[in-house]
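Notes follow once the structure below has been shown.
No lab work stands behind these numbers, since they all come straight from the coordinates. Please read all numbers here as calculations on a predicted model, not as lab measurements. Neighbour counts are summed over all protein chains in view; Cβ atoms, including those assigned to glycine, are modelled from backbone coordinates with ideal geometry.
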Amino acid sequence: MPQLEDFDTNVYFGIAADNLLTNLGSKAHIYADEAIKKMHAIGDDEGFDMWLGIQRHLAQKATADLMGDNITIH
């Protein structure tokens with residue numbers, strides 16, 4: 001099967017994070033943490049990386065919500 005070179009996983013992870021937040025609210029972070037632990041425990045490197053990417057987006061969204069729009073970090 002040929003690889004899709006133009007597929008941006010970062011976009012996919014952002015969509016997945018948005019869907020988790022919509023469906024689970026603040027529990028999305030807990031479910032992502034549990035999924036990461038499970039993927040690590042069963043040795044699923046692809047699943048582990050995928051959930052890390054989703055968790056990264058969840059953390060970025062949480063940080064943006066806390067900081068607001070008018071804050072600059074130097």
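Miscellaneous remarks
- Near F48, once Lys and Arg are set to +1 and Asp and Glu to -1 for all other residues with Cβ below 10 Å from its Cβ, the sum equals -2.
- Cross-link reach is defined here as a Cα-Cα straight distance under 16 Å, omitting same-chain residues fewer than 8 places apart; for K61 the lysines meeting it are K27.
- For F13, net neighbour charge (Lys/Arg +1, Asp/Glu -1) across residues whose Cβ lies under 11 Å away: -2
- Sum of side-chain charges, K27 neighbourhood, beta-carbon under 15 Å (Lys, Arg +1; Asp, Glu -1): -2
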